Amino acid sequence: VTILAGQTTAVINVAVLDESLIEDSETVSVTLTGITSGDSNIALGSTVSDTVTIADNDTGVVTLAANDAAAAEPNNNGQFTVTLSNASSTDTVISYSVTGSATAGSDYTTLTGSVTILAGQTTAVINVAVLDENLIEASETVVVTLTGITSGDSNIALGSTVTDTVTIADNDTGV
């Protein structure tokens, strides 16, 4: 940086680039390391460094959709997709509850109750692995409801679409 003759200050501009990645605040630190030209009677003072904090203005919304809502015995699995509107610089962990008329462990493999959207990604899936049992029954439902963000950036929130349904059709018949 150059302090012009007759002046007592100079400005170092930090140009901020706006992008859509959800991230924590970031810093830029500048340290004056020496005087390379000018009056030899001028020396660096006691304050030779400072930091600028760049606050992130990006937010994200998490939603849910049953992208394969029609499951069936014996092996046609269902699937939910959890979507984040903008990628984040950190993993985002979303908790969910499971209800419906289908029974975990007998109609489908028990779900974990949380899903992680990895840093830099915008989607994660919740697979509903159908189990084929030998019971004659009506179609049954697996209802997933997103319940919260348990880990990730504080600028990420649940959206308005947080519940959806996968229906498991039965393949058993009576003789």
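The values are calculated or read from the model by the stated rules, or taken from the named source; none is laboratory data. None of the values given here were measured: they were computed from a predicted structure. In this analysis, Cβ positions are derived from the backbone assuming ideal geometry, glycine residues included, and neighbour counts consider all displayed protein chains. Remember, those area values only see protein heavy atoms, side chains included, never the ligands or the DNA or RNA. Shrake-Rupley method; radii C 1.70, N 1.55, O 1.52, S 1.80 Å.
When a 1.4 Å probe is rolled over the protein heavy atoms, the share of accessible surface on the chain that falls to carbon and sulfur comes to 50 percent.
Where does each of 155-167, 127-139, 14-26 land if you order them by average Cβ count within 10 Å, highest first?
Details: 155-167: 15.7, 127-139: 13.6, 14-26: 11.2.
So the order, starting with the most tightly packed, is 155-167, 127-139, 14-26.
In the frame of its principal axes, region 15-110 has Cα extents of 86, 23, 19 Å, reported largest first. Each eigenvalue of the Cα gyration tensor of the chain, multiplied by 5 and square-rooted, gives one semi-axis; in descending order these are 60, 12, 11 Å. Percent of Cα pairs in region 97-165 per distance bin of 5 Å, from zero to the largest separation: 3, 13, 24, 22, 14, 11, 7, 4, 2, 0.
Net charge within 11 Å of Gln79 by Cβ-Cβ distance, Lys/Arg positive one each and Asp/Glu negative one each, not counting Gln79 itself?
Numbers: positive: none; negative: Asp68, Asp164.
Combined, the nearby Lys, Arg, Asp and Glu give -2.
Please report, largest first and rounded to whole Å, the three semi-axes of the ellipsoid equivalent to region 4-66, where each semi-axis is the square root of five times an eigenvalue of the C-alpha gyration tensor. Equivalent ellipsoid of region 4-66: 42, 12, 8 Å, largest first.
Mind checking the per residue accessible area of region 58-102 for me, 1.4 Å probe, whole number of Å²? For region 58-102, the per-residue accessible area is 38 Å².
Dipole size in debye (nearest 20) for the chain around its Cα centre, Lys and Arg Cβ +1, Asp and Glu Cβ -1?
Working: 0 positive and 21 negative charges, 128 e Å.
My answer is approximately 620 debye.
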